[in-house]
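The values are calculated or read from the model by the stated rules, or taken from the named source; none is laboratory data. None of these values were measured; they are calculated from a predicted model. Here Cβ is always computed from backbone atoms with ideal geometry, including for glycine, and neighbour counts include all displayed protein chains.
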Amino acid sequence: MAERKATLAELGLTARDGRQAAITGLTLDSRAVRPGHLFAALPGSRTHGAAFIATALDQGAAAILTDAEGARLAAPALAASPAALIVAEDAREALSRAAALWFGAQPRIMAAVTGTNGKTSVATFTRQIWQALGHAAINIGTTGVEGAWVAPSAHTTPDAVTLHRVLAEAAAAGVTHAAMEASSHGLDQRRMDGVRLTAAGFTNLTQDHLDYHGTMEAYFQAKAGLFDRLLPPEGVAVINTTGAMGPEMADRAADRGLTVLAVGRAQNADLRLIATRPHATGQEVRFSWQGKPVQVELDLIGSFQAENVAVAAGLAIACGEDPDRVLSVLPRLTGVRGRMQLAATRANGAPVFVDYAHTPDAIETALKALRPHVMGRILIVFGAGGDRDRTKRPLMGKAAHDHADVLYVTDDNPRTEVPAAIRAEIMQACPEANEVGDRAEAILRAVDQLQPGDALLIAGKGHETGQIIGRDVYPFDDVEQASVSVAALEGRPA
Ligand SMILES: CC(=O)N[C@H]1[C@@H](OP(=O)(O)OP(=O)(O)OC[C@H]2O[C@@H](n3ccc(=O)[nH]c3=O)[C@H](O)[C@@H]2O)O[C@H](CO)[C@@H](O)[C@@H]1O[C@H](C)C(=O)N[C@@H](C)C(=O)N[C@H](CCC(=O)O)C(=O)O
Ligand SMILES: Nc1ncnc2c1ncn2[C@@H]1O[C@H](COP(=O)(O)OP(=O)(O)OP(=O)(O)O)[C@@H](O)[C@H]1O
Ligand SMILES: N[C@H](CCC[C@H](N)C(=O)O)C(=O)O
Ligand SMILES: [Mg+2]
């Protein structure tokens, strides 16, 4: 097959001096530049991509897309090159729009969800609802691309080039519906500008990622970009108005003239969550759709999951599904890997749950969700990630102190930080905790303590399969460690 080429105009770009180029591909990583490629030299958190323009030109780049600073930084290399130079006010946005044009196809119906906690759950449930209603659907996010088409993913919101490639390949494979996670980093970095959305959802906003955004206000503004910028005027905003900062986000969407479909516990919500009744393996939930009550059985633990299901159902409805049919398939939803997952059970009946809670609010929510299921004590094993928001660490410690009975503070991806220093920051707020740096040992010790009626929550890593120490990733899986520990203590093979 002849190599595909596009003009700059076909990618919505104009070179500074009107130069033309025949583009054979797009990339934002100089290491991936091939002859004829457009290299996007983007401003980064560590360096400016302009530092790699000379290398990209040496490798045969036909065009460079950058911002004014990048053009200034790489002026000598650019002056000596025949490559076209495109200087954009926001080079990230220009790259995303060019990627959308280069790859072209997207699933016909696309929904995105943002919020501090619950994105993966909502995106997965939305995909499951669509599949149950007979559509070829995928979800894209922290756990990769899943559903009717499958691929791994390094990011919750993939970079613009990867994302648009995935959307085009999935569409070519027949996928008609996609639900994706919009992370605050992804929104801030314009990774998903160019995605054609039918609806967008919001779960909640509580503290995380202040290392990146600086303030909660800036974090909120990044998330609000989904409704301010990405959702087209005819799009529907599905908002959990009883989630933290839900009313503020609903106001933002309404101010722009978007249709708001309110979900959650508020009396006037379009899709209202009236009550939940927990039992051993799930919960009975009473919803109402525009005033008409419906009772459904959910095979999921935690009333927060009922809220996530409400956002997912709202998204499916906003994308055109019949509300009665959407509500009728909710009992078929299955849990997301590493989200309140029952990982093992001791011979005395005590369960071990693995959950991805890695923020103060998520730890509190997960522990409170477990309480109605537990007559004895709740034990928790948790840590906090290195090279991430430091200020959340004591708040995570406090949430565990306030809502669990026995605490084990351990390591969770220390990355390049000193693990003991991270643990000390958590333990400022929970000095009574047992400190066990080695995560496998912490899990074993906690499992050993389980009495009849107790439950253990292993928080923070969920579906992850590695422990990041320094720049190395060591195999580690909380679910596996839970069953290995139970087996070792019960004297039987795992
Ligand atoms: C803070 C952050 O978001 N960083 C992401 C960002 O990097 P950056 O722009 O800061 O890159 P940089 O290292 O300063 O380099 C600047 C530019 O030079 C380019 N470069 C760099 C080196 C080289 O040899 N050649 C080259 O061209 C880079 O591609 C980049 O465009 O763009 C890179 C390329 O797409 C990402 O790989 C990188 O993700 C890093 C690894 C990361 O850890 N990101 C996390 C925080 C993240 O994005 N997380 C969210 C989820 C958060 C949540 O909700 O929990 C996510 O969506 O996954
Ligand atoms: N609606 C919610 N409210 C509060 N906490 C929640 C909610 N949904 C999930 N959580 C907690 O957050 C954890 C992560 O859930 P999930 O993976 O769905 O969120 P996420 O937003 O995708 O996270 P990430 O930002 O890491 O991608 C869960 O394991 C649970 O502890
Ligand atoms: N997407 C989140 C995941 C955090 C998970 C936790 N295990 C950690 O490493 O902090 C982040 O990168 O902040
Ligand atoms: Mg996620």
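In table form, for the structure just shown:
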{"item": "Filter result (of a type in the set (K, R) and near ligand 1 (Cβ under 8 Å from one of its atoms)) within the range 27-42", "result": "R31"}
{"item": "Filtered residues of the range 230-244 (kept if farther than 16 Å from A111 by Cβ, surrounded by fewer than 23 Cβ atoms within 10 Å (Cβ to Cβ) and not polar (S, T, N, Q))", "result": "P233, A244"}
{"item": "Criterion: surrounded by 24 or more Cβ atoms within 10 Å (Cβ to Cβ) and either among the β-branched types (V, I, T) or more than 12 Å from ligand 1 (Cβ to nearest atom) (or both) - qualifying residue of A151, A105, A178", "result": "A178"}
{"item": "Inter-residue pairs, beta-carbon under 8 Å, first within 16 Å of ligand 4 (Cβ to nearest atom) and in the range 208-233, second in a loop (DSSP other than H, G, I, E, B) and among the hydrophobic types (A, V, I, L, M, F, W, C), 6+ apart", "result": "Y219/L205; K223/A182; K223/L205; L226/A182"}
{"item": "Answer from G225, G264 - the residue that is buried (at least 19 other Cβ atoms within 10 Å of the Cβ) and over 12 Å from T114 (Cα atoms)", "result": "G264"}
{"item": "Residues of the range 422-458 satisfying the condition of being under 22 Å from D472 (Cα atoms), among the hydrophobic types (A, V, I, L, M, F, W, C) and within 15 Å of ligand 3 (Cβ to nearest atom)", "result": "I422, A442, I443"}
{"item": "Selection count, the range 94-113, where residues are away from ligand 3 (no atom under 16 Å from the Cβ) and either within 21 Å of A318 (Cβ to Cβ) or aromatic (F, W, Y) (or both)", "result": "9"}
{"item": "Filter result (among the acidic types (D, E) and assigned to a loop (DSSP other than H, G, I, E, B)) within the range 1-51", "result": "E3, D17, D29"}
{"item": "Flag for T14 being surrounded by fewer than 16 Cβ atoms within 10 Å (Cβ to Cβ), β-branched (V, I, T) and in the same structural domain as A75 (by TED's automatic domain parsing)", "result": "yes"}
{"item": "D405 surrounded by fewer than 19 Cβ atoms within 10 Å (Cβ to Cβ), more than 21 Å from N117 (Cβ to Cβ) and touching a Lys or Arg at 6+ places or on another chain (Cβ under 6 Å)", "result": "yes"}
{"item": "Breaking point among (1) more than 16 Å from ligand 4 (Cβ to nearest atom); (2) under 27 Å from L38 (Cβ atoms), for I109", "result": "(2)"}
{"item": "P394 within 26 Å of T116 (Cα to Cα), outside any strand (DSSP E or B) and touching a Pro at 6+ places or on another chain (Cβ under 6 Å)", "result": "no"}
{"item": "Matching option when the condition is within 16 Å of ligand 3 (Cβ to nearest atom), touching a strand residue (DSSP E or B) at 6+ places or on another chain (Cβ under 7 Å), touching a residue at least 60 places away in the same chain (Cβ under 8 Å) and among the polar types (S, T, N, Q), among T120, T116", "result": "T120"}
{"item": "Selection count where residues are away from ligand 2 (no atom under 15 Å from the Cβ) and crowded, with 24+ Cβ neighbours inside 10 Å, scope the range 196-205", "result": "1"}
{"item": "Residue check for V473: touching a residue at least 24 places away in the same chain (Cβ under 8 Å) and in the same structural domain as I378 (by TED's automatic domain parsing)", "result": "no"}
{"item": "Residue tally, condition under 13 Å from G385 (Cα atoms), β-branched (V, I, T) and in a loop (DSSP other than H, G, I, E, B), over the range 405-440", "result": "3"}
{"item": "Qualifying positions in the range 111-131 - away from ligand 1 (no atom under 16 Å from the Cβ), farther than 13 Å from Q305 by Cβ and surrounded by 24 or more Cβ atoms within 10 Å (Cβ to Cβ)", "result": "A111, T126, R127, I129, W130"}
{"item": "Residues located in the range 170-183, provided they are more than 16 Å from ligand 4 (Cβ to nearest atom), touching a strand residue (DSSP E or B) at 6+ places or on another chain (Cβ under 8 Å) and under 21 Å from L95 (Cα atoms)", "result": "A170"}
{"item": "Filter pass, G141 being touching a Ser or Thr at 6+ places or on another chain (Cβ under 9 Å), buried (at least 19 other Cβ atoms within 10 Å of the Cβ) and either free of Cβ contacts under 8 Å to residues at least 60 places away in the same chain or charged (D, E, K, R) (or both)", "result": "yes"}
{"item": "Qualifying residue in the range 67-79 (condition: basic (K, R) and over 32 Å from the mean Cα position of the chain (by Cα))", "result": "yes"}
{"item": "Neighbours by Cβ (under 6 Å, 6+ apart or cross-chain): first from the range 391-409, assigned by TED's automatic domain parsing to the domain that holds I426; second buried (at least 24 other Cβ atoms within 10 Å of the Cβ) and of a type in the set (G, A, S)", "result": "R393/A384; M396/A384; L407/A400; Y408/A446"}
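Here is a yes/no grid of residues against (1) surrounded by 24 or more Cβ atoms within 10 Å (Cβ to Cβ); (2) farther than 21 Å from N204 by Cα; (3) within 16 Å of ligand 4 (Cβ to nearest atom):
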site: Q341; (1), (2), (3): no, yes, yes
site: G349; (1), (2), (3): no, yes, no
site: V352; (1), (2), (3): yes, yes, no
site: D355; (1), (2), (3): yes, no, yes
site: H373; (1), (2), (3): no, yes, no
site: G386; (1), (2), (3): no, yes, no
site: T391; (1), (2), (3): no, no, no
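Yes/no matrix, rows are residues, columns are (1) part of a helix (DSSP H, G or I); (2) in contact with a His (Cβ under 9 Å, 6 or more places away or on another chain); (3) not assigned by TED's automatic domain parsing to the domain that holds A369:
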residue	(1), (2), (3)
V447	yes, no, no
Q451	no, no, no
I458	no, no, no
K461	no, yes, no
I468	no, no, no
Q481	yes, no, no
V486	yes, no, no
